[in-house]
1. Specify the residue that is surrounded by the fewest Cβ atoms within 10 Å (Cβ to Cβ); the eligible residues are those in region 130-147 that are in a helix (DSSP H, G or I) and in contact (Cβ under 8 Å) with a residue 24 or more places away in the chain.
2. Given (1) assigned to a helix (DSSP H, G or I); (2) modelled with pLDDT under 90; (3) farther than 21 Å from residue 182 by Cβ, where does residue 27 come up short, assuming only one miss?
3. Can you tell me which residue within region 6-18, out of those that are under 14 Å from residue 91 (Cβ atoms) and over 16 Å from the mean Cα position of the chain (by Cα), is surrounded by the most Cβ atoms within 10 Å (Cβ to Cβ)?
4. Would you mention how many residues in region 131-143 are within 24 Å of residue 182 (Cα to Cα) and out of contact with any strand residue (DSSP E or B) (no Cβ under 9 Å at 6 or more places or on another chain)?
5. When you check residue 79 against the structure, is it closer than 21 Å to residue 175 by Cβ, crowded, with 17+ Cβ neighbours inside 10 Å and either out of contact with any strand residue (DSSP E or B) (no Cβ under 6 Å at 6 or more places or on another chain) or modelled with pLDDT under 90 (or both), yes or no?
6. Specify which of the listed residues (120, 58) is surrounded by 14 or more Cβ atoms within 10 Å (Cβ to Cβ), under 16 Å from the mean Cα position of the chain (by Cα) and at pLDDT 95 or above.
7. Can you confirm whether residue 21 is modelled with pLDDT under 90 and either exposed (fewer than 12 other Cβ atoms within 10 Å of the Cβ) or in a helix (DSSP H, G or I) (or both)?
């Protein structure tokens, strides 16, 4: 093992701890309503909704982070710094989740929330590309699914960009765009296995129709 490379276990342990703290901070911002009965619960329903959304998004990042780390056993200092950048952007989510609730989902707060989601997505993309660069330098083959995930990631960033101005037209529309990204990333390989299978089937069909010259 090269001197500037190390096992990824400490990176995973730090990331798991930070993400656990992020989720804990978010739940601590939830407070019991003053009013009793269904009316009181209905009053805090929007705050519960944005908390649930942020919780699920944080959980999805944790799952995809685990999936990235599974693909390599070693990291270098570039990966460590990229991981710290991602964790920093992710740690902004609790504050802006609470901010949206405090400002009653007005256009500015929802736009800021979309900006934070965009920044967090960019942070994770930097980590993804840094890990792929390390794997290439080590002579590892980057799978088709990895490349398709990167393309999907860029598409999701475009949705976040669209969600920022959409907040001034309709905060609900902006949140719906954010939610669409959550649905896309509900699993690390959502839709990718099927796409890859179709590509392989098409390649096999082409090879059958146009066989290579065996001479």
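The values are calculated or read from the model by the stated rules, or taken from the named source; none is laboratory data. Please read all numbers here as calculations on a predicted model, not as lab measurements. Please note: Cβ atoms are built from the backbone with ideal geometry, for glycine as well, and neighbour counts cover all protein chains shown.
1. The selected residue is 144.
2. (3)
3. 14
4. Number satisfying all stated conditions: 2.
5. So residue 79 does not fit the description; no.
6. Answer to the check: 120.
7. no
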